[in-house]
Amino acid sequence: MRIILVGFGVVGQSFLRLLTLRYKELIQNYGLRPKIVAIADRGGAAINERGLDMERILQIKKRGSVSYDPDYGFPKLQAEEVIEKVDAEIVVEVTPTNIQDGEPGLTYIETGIKKGKHIITTNKGPLAVALPALTELADYNEVYLRFSGTVGGGTPILDLGRKCLIGNRVLSIKGILNGTTNYILTEMSEKGIEFDEALKMAQELGYAEKDPSLDVDGLDTACKLVIMANWIMGKKVTLKDVDIHGIRHITLKDLKDAEKKDCTIKLIGSIDKGLEVKPMEISKKDILCVPGTLNAVTFNTEFAGEETIIGRGAGGMETASAILRDLIDIKSNLSVRYI
């Protein structure tokens, strides 16, 4: 399968490394021969319709941009033009998240779909603002849109809710969906420090960005709720439908008061009658009371009761593994479609 990779940061580079590691296994087990025919980053693009040398392009990227490739580089070539003109079956879109209008990822995804290319994305922004419309567009153009890495990184939260619980009905969902806020609240509770100090530690370790708003204000969790509500529960919602409260106002005193009741405070995202993100007191014995950067999500189902999944919610290779999972899923669906 010919692949166009749009975005070549940590996740994009991790995806190439994973393909290199798993290449023989992908051929043997899935009949999948992935070939990266184009990569676009901020500096331009590298294009070789016979397939780029993955190890070589990773080395070139260390100099700044894939467009520095002396043989296949195209400085300043825009990603949208690459998607439109390069022959490929798959577009893997891993550009940074923008929850205001979803751009430029939204345009990349729409362009790929309209050109008849299947889409895999790890970008929550376009899905938060336009997932119902993107799903309809993909169906109309008879292509697959996959995004399992947007929720839980390498932990298959979406697959559990959508595939493993098929035949059941998910009545509600709740959980910890952001590892950064979970780390901050864990550090505040265990080390007896205030929010600002815990945030600084998270930033120093690379868990939080210089501008941590997306995480600490609950926006990242809200985006993930939108994706789950649409994909798993069939709701037609966007980010504006979520009631959002972050953790900036949580103090050490709040956590100590919760401790007296054998509880702690976690940022919980929930889908029930509505969609809500807010800090909540939960029992330390609650299955959702996981430490550090872990994610934990409980599905309340009609027939099987509560089902909970726990795992790491972020990381380059973890998220790359979700892209590979989606790639195998598309390959399997296409094989069935054309039998």
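The values are calculated or read from the model by the stated rules, or taken from the named source; none is laboratory data. These numbers come from a predicted model, not from an experiment. Don't worry about glycine lacking a Cβ; one is built from the backbone with ideal geometry, like all the others, and counts go over all protein chains shown. In case anyone asks, the SASA skips ligands and DNA or RNA and just uses the protein heavy atoms, side chains included. Shrake-Rupley method; radii C 1.70, N 1.55, O 1.52, S 1.80 Å.
Of note:
- Computed FRET value (nearest 0.05) for Asp87 with Asp53, which takes r as the C-beta separation and R₀ as 22 Å: 0.75
- The orientation-averaged projected area of the convex hull spanned by the Cα atoms of the chain comes to 17.6 nm².
- Sorting Lys200, Lys278, Lys260 by solvent-accessible area of protein heavy atoms yields Lys260, Lys200, Lys278, largest first, with a 1.4 Å probe.
- From helices alone, the chain scores -12000 deg cm²/dmol at 222 nm; the rule is -39500 (n - 2.57) for each run of n ≥ 4 DSSP H residues, then divide by the residue total.
- Across region 261-273, computed HN-Hα scalar couplings (Karplus, 6.51 cos²θ - 1.76 cosθ + 1.60, θ = phi - 60°) run 9, 6, 10, 9, 10, 10, 7, 10, x, 9, 10, 9, 6 Hz from first to last residue, x flagging Gly and Pro.
- For the chain: relative contact order, % (alpha-carbon pairs under 8 angstrom, 6 or more apart): 19
- Cα-projected label distance for Asp329 with Arg33, points at 7 Å along beta-carbon direction, nm: 2.6
- Potential lengthening between Asn141 and Gln100 on full extension [0.36 nm per residue; Cα-Cα distance subtracted]: 12.2 nm
- Contact order normalised by residue count of region 275-337, Cα under 8 Å, 6+ apart, percent: 19
- FRET efficiency, Thr308 to Lys253 (Cβ-Cβ, R0 25 Å, nearest 0.05): 0.25
- With 0.36 nm allotted per residue and the present C-alpha distance subtracted, the Glu190-Lys163 stretch has 6.0 nm of extension available.
- Of all DSSP beta bridges confined to the chain, the antiparallel ones make up roughly 65%.
- Net length available on complete extension from Met317 to Lys76 is 84.0 nm, with 0.36 nm assigned per residue and the Cα-Cα distance removed.
- Cβ-Cβ distance of Glu197 and Leu21, R₀ of 30 Å, FRET efficiency by 1/(1 + (r/R0)^6): the value works out to about 0.20.
- Measuring only protein heavy atoms, the 1.4 Å probe finds Lys163 accessible over about 90 Å².
- Virtual spin-label span in nm between Lys260 and Met1, 7 Å along Cα→Cβ: 5.6
- Three-way shape call for region 180-275 based on the alpha-carbon gyration tensor, with the a/c threshold at 1.5: oblate
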